[in-house]
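Working notes, structure below.
Each value in this text was obtained by applying a stated rule to the coordinates, not by laboratory testing. All values derive from a computational prediction rather than experimental measurement. We place every Cβ from the backbone using ideal geometry, glycine too, and count neighbours over all the protein chains shown.
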Amino acid sequence: MSKTPAAHVEAASTLAVVLSSHEPLLYLTADQVIIAASASFCSAFDLELAILPGKRLGAVGNGEWAMPKLASLLEATAAGSAQIDSYEIDLKRPDRKTRNLVVNACTLEDGDTDHIRLLVSVTDVTDARANARLNDDLVREKAVLLQEVQHRVANSLQIIASVLMQSARKVQSEEVRGHLHNAHHRVMSIAAVQRQLSISPGGDVEIRSYLTQLCNSLGASMIADPDRLSISVLVDDSSVTAEVSISLGLIVTELVINALKHAFPDQATGKIVVGYQTKGSDWTLSVTDNGIGMPEGSSAPRAGLGTGIVEALTKNLGGELQLTEANPGTAIRISHCGSVDHHKDIRPAA
Amino acid sequence: MRARFVRVPANAGSFIRNEKQMKNGTHIVLVVEDSALIRMGAIDLVRSAGYEALEACDADEAIRILESRDDIDLVFTDVQMPGTMDGIKLSHYIRDRWPPVKLLIASGAAIIGASSLPSGSQFSSKPYDDHEIIDVMTRLLASDGMSFTKVPD
C-alpha cells in the first residue's frame, strides 16, 4: 500500500547503485512506477535516462514495455506471491527486430512494508542466443563432416580389402594367396583401429576391446577348427593414442599370424595368449603360444616381411623385443620402459 | 516355374528351403552398392560362398530388379548411396513390400542403432571381413522366416 510515495525519500546509495549498474536495471515502486533506471538499461533499449523517473513502466517509450504478462508478474512479485527468476519475454517494437529478454525481479525490503520496491534486471540475450545457435550449428556441422570422413575412410579401406580378397580367391599359387591374406589382415587390423576411434570420441583407443576385436577377426578367418586352436586376450584397462594402437595392432597381427601358421603343425590343440599390461608409463605387449617353439640354426626360416614389420614398429615405439622359449612354445615380449608415455592423451614422438 | 541353370553350392545344401528345393535352385543374393570395386568384390564373395549374385548400383535399380523377379532371397546393401533412397530406407522399403527377403546392411558408420534398422535385418560395419559376411548370410538364409510374421504394415 503506497499511499504517499512522494513523501518517501529514497536512499541515495541505492539510487547510485542502480544508476551505475552494468546490467540493465530498473528500480520500481510496487505499482510499477520507475524510481530509477540504470544508464545501461537506457542505452540497451534506446531510452532517455532523464525522463524515466516518475513514469509508469507501461508508459515508457512507445508503450512497448506495457506487456500484460510482465505487469502481472511484477505485481505478483511485489505482493510476495511470485518470484521472477530468469523469465523469458520478447520485446516488440515497431520497425525493430524482436529482442529476447531475460527478466529477473525481486523485492527490496528495508523493513518499511509501506514502501515495497522492485529491483528488476532486464538482459537482452538476443545476440547471445544467436551466437549459441551458430555455435551449435558449427558443432553439428563438424560432427557431420567427421562422420563423412569416417565413412570415406571406411569405404576406402573396404575397396582395398575387397580387391585383396578377390585377388586371393583368384590366384592359383598357395604361397601368393598366403601373402594376399596377410596383406588383408594388415589392412583389417588398421581398419579395426578406425572403427574403435569412430565409437570413442576422445581420440584414444581402448586397447582391450581393440585387441579382442582384432584377435576375434584373425581367429574367425584363420582358424578352421576353433576346438583345436584358440586365441585369448589378457589386457588391462588402459587406453592408448590412435598411432600407438595401430602399431600395437600390426605387431599383434604379425605375431598371431606367425604363431597360427608355424607353431602348431601337428598338435592336437594349441593356445595363443595376447597380453598387454601397463605400469605407469611402462608397458609390455606379449604374444605367447604353447606350440613347438622356434626352430634354430639351419632349420630357422629366413626372416620375412612380418619379422621386419614387428622389428620396425617395436623400434618406433621405443620398445625392446625379447624372444624366449616357453617350454612348450614361444613367448615374444615387447617391453617399453622409459619417459615417453604412450597412454592417455600424450602423443608419442613421430 | 521356368527351369533355370543354376549351380548348386557345395556348402548350402542343408540350408535350402523346401521352396528352393522345388526350384532346384541356389539362394540368390542381390548386392546393392554404388562403389564399383566394392560391388565387384561383394559379388565375388557371394559367388565364392556358393550363392547366385545379382547386382544393383543404387536403391532404384535394386527395386526394379526386385519387382522383375520373385526369387531373391537376400539383399546385401550399402547404406550411403546416391539416388532417392539410402540403404536404410531401401531396407525398410523391402521389409514392407517383400517381407520374406532377408536383409544384410553394411555401412562405413561403425554402429547404426538397431532401432533404425528393419526387424530381422543384420548389420556389418565396413570394412567387413569376408568370413563375417558369409557367416551372417548363412545364418540369415538358414532362418525359417518366422521372425517376419510380425512385421507391421
Legend entry - Highest-fluctuation residue, A:Lys142, A:Lys315, A:Lys97 considered, GNM on chain A with Cα pairs under 10 Å: A:Lys97
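How large is the charge dipole for region A:130-336, taken about the Cα centre, if only the Cβ atoms of Lys, Arg (+1) and Asp, Glu (-1) carry charge, to the nearest 20 debye? The partial results should precede the final answer.
Numbers: 17 positive and 21 negative charges, 102 e Å.
I would put it at about 500 debye.
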Inset, instruction - Using only the alpha carbons, work out the radius of gyration and Dmax of region A:5-124 in angstrom. - result: 13.5, 44
Legend entry - Estimated dipole of the protein assembly as shown in Debye, rounded to 20 [Cβ of Lys and Arg +1, of Asp and Glu -1, Cα centre]: 1340
Legend entry - Amide hydrogen neighbours beyond the local backbone of B:Gln122, cut-off 5 Å, H modeled: B:Leu103, B:Leu104, B:Ile105
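For A:Ala79 and A:Lys170 in the same chain, what is the full-extension length gain: residue separation times 0.36 nm, less their Cα-Cα distance, in nm?
Numbers: separation 91, 0.36 × 91 = 32.76 nm, distance 8.80 nm.
24.0 nm is the gain from fully extending A:Ala79 to A:Lys170.
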Legend entry - region B:19-143 - Rg (one decimal) and Dmax (whole number), Cα, Å: 13.2, 40
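Between A:Glu243 and A:Asp266, what is the FRET efficiency for a Förster distance of 35 Å, r being their Cβ-Cβ separation, to the nearest 0.05? Mind showing how you got there, number by number?
Numbers: r = 40 Å, r/R0 = 1.13.
Using R0 = 35 Å, I get an efficiency of 0.30.
Please average, across the residues of B:53-64, the number of beta carbons from any other chain that are within 10 Å of each residue's own beta carbon, and give a whole number. Could the numbers behind the result be given before it?
On the way: counts 0, 0, 0, 0, 0, 0, 0, 0, 0, 0, 0, 0.
The per-residue average across the peptide is 0.
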Inset, instruction - Rounded to the nearest 0.05, what FRET efficiency do A:Asn104 and B:Ser124 give with R0 = 51 Å and r taken as the Cβ-Cβ distance? Could you check? - result: 0.40
Inset, instruction - Report the label-to-label distance for A:Asn135 and A:Asp225 in nanometres (one decimal), using points 7 Å from each Cα along the Cα→Cβ vector. - result: 6.3
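Over region A:1-150, calculate the relative contact order: mean separation of alpha carbon pairs under 8 Å at least 6 apart, over the residue count, as a percent. Could you put the intermediate results ahead of the total?
Numbers: 231 pairs, mean separation 31.1, N = 150.
So the answer I get is 21 percent.
Nearest 500 deg cm²/dmol is fine: what mean residue ellipticity at 222 nm does chain A get from its DSSP H runs of n ≥ 4 alone, each adding -39,500 (n - 2.57), divided by its residue count? The partial results should precede the final answer.
Numbers: 8 runs with 147 residues, N = 350.
Calculated at 222 nm, the ellipticity per residue is -14500 deg cm²/dmol.
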Inset, instruction - First measure r as the distance between the Cβ atoms of B:Ser115 and A:Leu49, then evaluate 1/(1 + (r/R0)^6) with R0 = 60 Å and state the FRET efficiency to the nearest 0.05. - result: 0.55
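Of the listed peptides A:303-311, A:176-184, what is their order by residue-averaged count of other C-beta atoms within 10 Å, with the highest listed first?
Numbers: A:303-311: 14.8, A:176-184: 17.2.
Taking the mean over residues of other Cβ atoms within 10 Å, the ranking is A:176-184, A:303-311.
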Legend entry - Value of D in µm² per second that Stokes-Einstein yields for the protein assembly as shown, Kirkwood Rh from Cα pairs, at 10 °C (1.306 mPa s): 55
